[in-house]
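Engineer: This is the structure I have questions about; it appears just below.
What follows is calculated from the coordinates using simple rules that are stated; it is not laboratory data. Quick caveat: nothing in here was measured; it's all calculated off a predicted structure. Positions of Cβ are backbone-derived with ideal geometry, glycine not excepted, and every protein chain shown enters the neighbour counts.
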């Protein structure tokens, strides 16, 4: 019985020392406008298209000047994003899903991957 309690106590100490999983850390969405003109960008949490659907939560909706960028913290591993393609305030291109980079360890069946909190979710506008 004492041996079982000692093992349980050791497990509790180890669990207390292990940092939270990487997926619990907030992600950063980094939007970069590589176009030579301003674009309006929408970034939303959710899987429904278009990104501004009432089923999603829009977290960024603003114009970004040529050559500029914006960052936005989010609590998801993936986001829905779209940007204008014609008239830079109203004509949107397709809504696309963007996800953060993964960090994988192991190989084969023992391979495990989690989101890498050190890497942003990149949304590059190249028009």
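Engineer: Along the Cα→Cβ direction, 7 angstrom out, place labels at residue 103 and residue 61. What is the inter-label distance in nm?
Structural biologist: Distance between the two pseudo-spin positions: 3.5 nm.
Engineer: Tell me, what is the FRET efficiency for residue 53 and residue 28 to the nearest 0.05, using R0 = 30 angstrom and their Cβ-Cβ distance as r?
Structural biologist: Working from the Cβ atoms, E equals 0.80.
Engineer: Using a 10 Å cut-off on Cβ atoms, rank the peptides 84-92, 42-50 from the highest mean neighbour count down. Display every interim value, and only then the final one.
Structural biologist: Numbers: 84-92: 13.2, 42-50: 17.8.
Going from most to least packed, we get 42-50, 84-92.
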